[in-house]
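**Student:** Below: one structure in structure tokens.
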Amino acid sequence: MTSTQVRATCPHDCPDTCALLVTVENGVATEVKGAPDHPTTAGVLCTKVSRYTERTYSPDRLLHPLRRVGKKGEGKFERISWDEALDEIASRLKPLAENQPESILPYSYAGTMGLVQGDSMSLRFFNKIGASLLDRTICATAGATGYKYTVGASIGTDIEQFQNAKLILIWGGNPIASNLHFWTRAQEAKRSGAKLIAIDPYRSLTAEKCHQHIALLPGTDAALALGMMHILIRDDLLDHDYIAQYTLGFDALRERAAEWTPQRTAEVCGISVEEVEGLAREYGETAKRGEPVAIRTNYGVQRVHGGGMAVRNISCLPALVGAWRHAAGGVQLSSSGTFPKNLPALQRPDLLKKLPRTINMSTIGDDLLRPASPEFGPQIKALIVYNSNPVAVAPESGKVAAGFAREDLFTVVLEHFQTDTADYADIVLPATTQLEHVDIHSAYGHLYMMANNAAVAPMGESRPNTEIFRLIAARMGLDDPCFKDSDDQLAAVAFKSDDARAIHFDWESLKQKGWQKLAVPDAPFAYGNFPTPSGKCEFYSEMMKADGLDPLPTYIPNYESRVSSPDLAAKYPLAMISPPARNFLNSTFVNVQSLRATEGEPHLDINPEDAAARGINHGDPVRIFNDRGSFVCKARVTPKARPGLVVGLSIWWKKLAGDGKNANEVTSQRLTDMGRAPTFYDTLVQVEKAA
């Protein structure tokens, strides 16, 4: 027996981007474990990825091309050859590409975060034919936009410094479930005397293990940050030297913050005045003592109407108290802006003859149902889905499914498994998993460039995304030399090799070692140098003013709330959020039997007060509904959900839920204040006992 270890990288939409060691025996991957020599992974994987071989070798893997034989949504297919699949795809796409290229739409997101298998050859193909562009905003762009207006780019505190902080605010995230290696360092800080405070409407696993949990109302984070600013300024808990040298617009900010008294903040946020005062003083006084204060904010904050502004407000706080002076101070939303990615070389936007229209991925339900019009352009007639499962994950799911069910829509899905979305495909193409192809990764939670080597040969007739798009391009007669680039050639240009941050990036050496840390300072903004137009942290932003936004931090209420829509709130009095279930990652891993068994079944957490008012007992089936739709699951009566809040941990495949539906039946297609992102957590519902 021959046994080897192959260096690989976790491809999933998680900030940890773990370094993997794959044990291969006689051509079969037998174990996936964390690389012990990678500083952030440190040999530890989450329960999901530690079972990755169950995914690659699942009996449910798609191993051959398929053609639909039943109605759309039934999931009935027949096996066909690759030649038959490619011929049919080319025969359907080629006339559209020649006459109405914008009627073709790609739909993809973060099924893999790899720069090669994510969007390299695929976008070369779509750019060459002139297909509609996809606004890939379903996760992070609201917060990233607010952060960019303030700080300049998605750059922040290095995860490897958090254990040295003396106060950590975990704001809008549940790192035990979704950022395990940050949580490990937060626990190390706690053992060294640091205080951990969770700010989250829901008492998550993480909140339970923090010293304090502040359970504010969904969508009020921006108000809480403004209330903190008020107290920091009122009590002179400021770093005046840092503000004078490295910030812009403090005088205007002081006037705005003066409006946000502790009383007003507490009322808006649904918490006590003492919680507002205590949080601000804890933050300001710790910093005043010269100790590092750090904020780990996450994407739960920004999935509401004012989500971008909420992240902007939070990202102003470190500059007020001089937290950026310390390597262990500041804030991390994402580290993605630190990487010198060479996207033009990978994706070749120069192949476009003209700029096509853009379709937002969060409004796909409406857009698939739109007829042609001068404003919209041609009707969407062909859809190619890869690295995503929109029928499960996109908002207002009933409309999404109705759009996918159009008989005149030609749909191709590249997949590992027969997902909810694959059930609606005309052609399904089997894609390789991370153990079967080459890729290269950046990260959004640490500072390492990462290599993924193929550990085993592709299963069955599965092929990498890159190879599938090369084959489709060739079958359509596209002979541009760009389609000849191999995966190794693509990976070799993924980062700018002459950028000082990449220390002369070399793909061959990265493949051997597996990872390489960027050459960036430990405290990126200790002396200013913010990548904003002014070079300072911008409390006042001329860019925001030019974009039609309030140039100062403010509070934007939810679309659906007692404040902005009292009539709707009277009809649907409960706010609903749908954060990730611990054993799933978005809709990935839901079909892994061992993980689904651990998660149990779809459930809704509801506060005892709200349950009693509706005659609901623990374990009762309940119907959650609003004007957009409804779904049914089991009630868990628990004080983890604050009064007025229900929590549906997600995202279940619809076909694996008892009623064939999930939480996105009731979510909205409305977009955020900035960044054109979805508002999943800006949702009002009613709950009743189901039959």
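**Student:** Could you give the C-alpha radius of gyration of the stretch 386-479 expressed as a fraction of 2.2 N^0.38 Å, taking N as the number of residues it contains?
**Tutor:** 1.29
**Student:** Between ASP499 and LEU352, how high is the FRET efficiency from 1/(1 + (r/R0)^6) when r is the Cβ-Cβ distance and R₀ = 30 Å? Nearest 0.05.
**Tutor:** E(calc), rounded to 0.05, equals 0.75.
**Student:** Using alpha-carbon pairs under 8 Å, 6+ residues apart, how would you state the relative contact order of the chain in percent? Walk me through the numbers before you get to the answer.
**Tutor:** On the way: 1658 pairs, mean separation 143.1, N = 691.
Computed value for the chain: 21 percent relative contact order.
**Student:** Once amide H atoms are placed 1.01 Å from N in the peptide plane, what residues at a sequence separation of 5 or more from VAL28, or on another chain, have their amide H within under 5 Å of its amide H?
**Tutor:** none
**Student:** Describe numerically, in nm with one decimal, the distance between label points set 7 Å from Cα along Cα→Cβ at ASP366 and at VAL273.
**Tutor:** With each label point 7 Å from Cα toward Cβ, the separation is 4.2 nm.
**Student:** Something else about it: Counting only GluC sites (Glu not before Pro) that sit in a DSSP loop (anything but H, G, I, E, B) with at most 13 other Cβ atoms within 10 Å, what is the longest stretch of the chain containing none of them?
**Tutor:** Within the chain, the longest run free of exposed GluC sites (Glu not before Pro) spans 408-691.
**Student:** Now for a separate question. Divide by every residue of the chain the summed helix terms, -39500 (n - 2.57) for each DSSP H run of at least 4, and state the resulting mean residue ellipticity at 222 nm, rounded to the nearest 500 deg cm²/dmol.
**Tutor:** Result for the chain: -8000 deg cm²/dmol, rounded to the nearest 500.
**Student:** Quick check for you: with a 1.4 Å probe and neighbouring chains kept, what is the accessible area per residue of the chain, in Å²?
**Tutor:** 35 Å²
**Student:** Hey, another quick one. Using the C-alpha gyration tensor of the chain, what are the square roots of 5 times its eigenvalues, in whole angstrom, with the largest one first?
**Tutor:** Numbers: eigenvalues 302, 181, 126 Å².
Value: 39, 30, 25 Å, ordered largest first.
**Student:** Can you pull the one-decimal nm distance between simple spin-label points at ARG281 and VAL520, each 7 Å off the Cα toward Cβ?
**Tutor:** With each label point 7 Å from Cα toward Cβ, the separation is 3.6 nm.
**Student:** Further question on the same structure: So what are the ³J(HN,Hα) numbers for the stretch 597-613, from phi and the Karplus equation (6.51, -1.76, 1.60; θ = phi - 60°), rounded to whole Hz, Gly and Pro as x?
**Tutor:** 5, 5, 6, x, 9, x, 9, 10, 7, 9, 5, x, 4, 5, 5, 4, 5
**Student:** For the modelled label position 7 Å from the Cα of VAL69 along Cα-to-Cβ, which residues of the stretch 428-471 have backbone nitrogen atoms closer than 20 Å?
**Tutor:** Residues 428-430, 461 fall inside that zone.
**Student:** May I pose another question? Near LYS354, which lysines are there with a Cα under 25 Å away, not counting those fewer than 8 places off in the same chain?
**Tutor:** Cα-Cα hits under 25 Å: LYS94, LYS128, LYS341, LYS381, LYS484.
**Student:** Only bridges whose two residues both fall in the chain count here: according to DSSP, what percent of them are antiparallel, nearest 5?
**Tutor:** The antiparallel fraction comes to roughly 50 percent.
**Student:** Identify the trypsin sites (Lys or Arg not before Pro) of the stretch 235-326 meeting these criteria: DSSP loop state and at most 16 other C-beta atoms within 10 Å of the C-beta.
**Tutor:** ARG289
**Student:** Report the full-extension gain for the segment GLU461 to ARG614: residue separation times 0.36 nm, less the Cα-Cα distance, to one decimal in nm.
**Tutor:** 49.8 nm
**Student:** Starting from the Cα gyration tensor of the stretch 156-280, multiply each eigenvalue by 5, take the square root, and state the resulting semi-axes largest first in whole Å.
**Tutor:** 26, 20, 12
**Student:** Then there is this: For the stretch 42-169, just say rounded, prolate or oblate: build the C-alpha gyration tensor, square-root its eigenvalues into a ≥ b ≥ c, call rounded for a/c under 1.5, and beyond that prolate if a/b exceeds b/c, oblate if not.
**Tutor:** Since a/c reaches 1.5 but b/c is at least a/b, the shape of the stretch 42-169 is classed as oblate.
**Student:** Might you work out the accessible area of TRP652 for me, using a 1.4 Å probe with all protein chains in place, and round it to the nearest 10 Å²?
**Tutor:** Using a 1.4 Å probe on the heavy atoms, I get roughly 20 Å².
**Student:** At 1.4 Å probe size, with the rest of the protein present, what percent of the exposed accessible area of the chain is carbon and sulfur atoms?
**Tutor:** Here carbon and sulfur together make up 50 percent of the probe-accessible area.
**Student:** Please report the equivalent ellipsoid semi-axes of the stretch 310-438, computed as sqrt(5 x eigenvalue) of the Cα gyration tensor, largest first, in whole Å.
**Tutor:** 36, 21, 18
**Student:** Would you calculate the separation in nanometres between label points at GLU601 and THR47, each defined as 7 Å from the Cα along the Cα-to-beta-carbon direction?
**Tutor:** 1.9 nm
**Student:** Going by Cβ distance under 4.7 Å, what cysteines of the chain have no possible disulfide partner?
**Tutor:** Those would be CYS14, CYS46, CYS139, CYS210, CYS269, CYS316, CYS482, CYS537, CYS633, since no other cysteine Cβ in the chain comes under 4.7 Å of theirs.
**Student:** Can you tell me the length gained on complete extension of the stretch GLN263 to THR4, counting 0.36 nm per residue apart and subtracting the Cα distance? Don't skip to the end; give the middle numbers.
**Tutor:** On the way: separation 259, 0.36 × 259 = 93.24 nm, distance 6.29 nm.
Here the segment from GLN263 to THR4 would lengthen by 87.0 nm.
**Student:** Next question. Tally Lys/Arg at +1 and Asp/Glu at -1 over every other residue whose Cβ is under 13 Å from the Cβ of TYR444; what's the total?
**Tutor:** Details: positive: ARG296, LYS341; negative: ASP13, ASP16, ASP158.
It works out to a net charge of -1.
**Student:** Can you compute the FRET efficiency between ASP659 and GLU98 using 1/(1 + (r/R0)^6), with r the Cβ-Cβ distance and R0 = 30 Å? Round to the nearest 0.05. List each step's numbers first, then the result.
**Tutor:** Values: r = 44 Å, r/R0 = 1.45.
Rounded to the nearest 0.05, the efficiency is 0.10.
**Student:** I need the shape label for the stretch 445-541. Rule: rounded when a/c is under 1.5, else prolate if a/b > b/c, else oblate, with a, b, c from the alpha carbon gyration tensor.
**Tutor:** Since a/c reaches 1.5 and a/b is larger than b/c, the shape of the stretch 445-541 is classed as prolate.
**Student:** Treating the Cα atoms of the stretch 560-680 as identical point scatterers in vacuum, please give the log10 of the normalised Debye intensity I(q)/I(0) at q = 0.20 Å⁻¹, two decimals.
**Tutor:** Reported log10 I(q)/I(0), two decimals: -1.21.
**Student:** Let me ask you something else. Just to confirm a number: summing +1 for Lys and Arg and -1 for Asp and Glu over residues other than ALA85 whose beta-carbon lies under 12 angstrom from that of ALA85, what do you get? Mind dumping the intermediate values first?
**Tutor:** Details: positive: ARG67, ARG68, ARG79, ARG92, ARG463, ARG475; negative: GLU78, ASP83, GLU84, ASP87, GLU88, ASP426, GLU461.
Every neighbour counted, the sum reads -1.
**Student:** Need the list of aspartates and glutamates near LYS654 for cross-linking: C-alpha distance under 16 angstrom, and skip anything on the same chain fewer than eight residues off.
**Tutor:** In chain and number order, the partners are GLU74, GLU396, ASP420, ASP423, GLU599, GLU601, GLU665.
**Student:** Can I ask one more? Can you give the FRET efficiency to the nearest 0.05 for ASP488 and ASP550, using r as the Cβ-Cβ distance and R₀ = 51 Å?
**Tutor:** Once the sixth-power term is evaluated, E becomes 0.60.
**Student:** When we measure straight from the Cα of LYS511, which aspartates and glutamates land under 17 angstrom away, once same-chain ones fewer than 8 places off are left out?
**Tutor:** Here the aspartates and glutamates satisfying the reach criterion relative to LYS511 are ASP37, GLU436, ASP439, ASP487, ASP488.
**Student:** Below 13 angstrom from the Cβ of ASN465, what's the summed charge of the other residues (Lys, Arg +1; Asp, Glu -1)?
**Tutor:** Numbers: positive: ARG124, ARG463, ARG470; negative: ASP119, GLU415, GLU436, ASP439, GLU467, ASP487.
Result for the local shell: -3.
**Student:** Which residues does a label at SER509 reach in the stretch 425-446, if reach means a backbone N under 16 Å from a point 7 Å past the Cα toward the Cβ?
**Tutor:** Nothing falls inside the zone, counting backbone N under 16 Å.
**Student:** ASP236 to HIS211: extension gain in nm, 0.36 nm per residue of separation minus the Cα-Cα distance?
**Tutor:** 6.4 nm
**Student:** Taking the inverse of the average 1/r across all pairs of different Cα atoms in the stretch 247-292, what Kirkwood radius in Å do you get?
**Tutor:** About 12.0 Å, per the Kirkwood formula over Cα pairs.
**Student:** Excluding ligands and nucleic acids, what accessible area in Å² is computed for ASP251 using a 1.4 Å probe, to the nearest 10?
**Tutor:** Result for ASP251: roughly 100 Å² accessible.
The values are calculated or read from the model by the stated rules, or taken from the named source; none is laboratory data. Note that the structure is a prediction, hence the values are computed from the model and not measured. When we count neighbours, we look across all protein chains shown, and the Cβ atoms used for this are built from the backbone with ideal geometry, even at glycine. Just so you know, the surface numbers come from the protein's heavy atoms only, side chains and all, with ligands and any DNA or RNA stripped out. Shrake-Rupley method; radii C 1.70, N 1.55, O 1.52, S 1.80 Å.
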